[in-house]
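The values are calculated or read from the model by the stated rules, or taken from the named source; none is laboratory data. Just so we're clear, the structure is a prediction, and the values are computed from it rather than from any experiment. Backbone-built Cβ (ideal geometry, glycine too); neighbour counts: all protein chains shown. Accessible surface is based on the protein model in full, side chains and every heavy atom, while ligands, DNA and RNA are left aside. Shrake-Rupley method; radii C 1.70, N 1.55, O 1.52, S 1.80 Å.
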Amino acid sequence: MKWSGLPVVILGTGDVTRELIYLIEEINLTCRQPVYQVQAVVAENEAAAARWTGTAPVITEADLAAFAGRFPFLGAAIPMGNPAVKHKIYEKIKAIPQLVYPNFIHPAVNLRNLCLGMGNIIQENVSISLDTEIGNFNLLNYGSFLGHDGKLSDFTVINPQAKICGQVQVGSKCLIGVGATVLQGLTIGEEAIIGAGAV
């Protein structure tokens, strides 16, 4: 049987979903064989499904368990820009036994001495320094930076061009705004919001 890529569903029909589909295409283009094969995007309900304008097939959350039952393993991605929504979706789907949560990492990103959880999305032009730890279901958006010896917990979103300096600890479900800078050695508590451009 010829490998055609891990079948994947993407939860959500927003702009970050479209960006993830592009990232998956980039990943597949750099490999001899496809790594992922998008099977469907998953809309919250029928109204959201009707608004989807992409080319991937769309199903609703209510249909996801039955859809997943067609596969021995089905990759699932949660590309949400809102940490609380990302966590809420995971809580809804985590009992579906066929779902696995791969990391989607742009091929140009250098990873050195990194401890990485599951379900993360690391976009193009992200820089990650040495000896960092990234938990589960984080989104590191375009051009962001994570400094040495830092730690991201789970369900955190780092927006484009945000810079997190070395030895920073970031709690779960945080939102780091576009272009924000977090200075060295600080601790960001759970569910914190760092505004765009803030230092």
Checklist outcome for this item: Expected output for the stretch 110-121 (first residue at pLDDT below 95, partner assigned to a loop (DSSP other than H, G, I, E, B), Cβ below 6 Å, 6+ apart or cross-chain) is Arg112/Leu130; Asn113/Leu130; Asn113/Asp131; Leu114/Thr132
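For every residue, the table says whether it meets (1) closer than 15 Å to Ile176 by Cα; (2) open to solvent by 60 Å² or more (accessible area, probe 1.4 Å).
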residue: Ala77; (1), (2): no, no
residue: Pro97; (1), (2): no, yes
residue: Leu140; (1), (2): yes, no
residue: Leu152; (1), (2): yes, no
residue: Phe155; (1), (2): yes, no
residue: Pro160; (1), (2): yes, no
Checklist entry - Of (1) touching a residue at least 40 places away in the same chain (Cβ under 8 Å); (2) part of a strand (DSSP E or B); (3) not polar (S, T, N, Q), Val42 satisfies all except one. Which? => result (1)
Next on the checklist: Could you go through the stretch 84-107 and let me know if any residue there is of a type in the set (Gly, Ala, Ser), within 17 Å of the chain's Cα centre (by Cα) and not in a helix (DSSP H, G or I).
Outcome noted: no
Item to check | Exclusive hit being open to solvent by 70 Å² or more (accessible area, probe 1.4 Å), of a type in the set (Gly, Ala, Ser), in a helix (DSSP H, G or I) and closer than 27 Å to Lys173 by Cβ, set Ala50, Ala66, Ala62 | outcome: Ala62
Item to check | Residue in the stretch 102-119 that is over 30 Å from Gly5 (Cβ atoms) and open to solvent by less than 20 Å² (accessible area, probe 1.4 Å) present | outcome: no
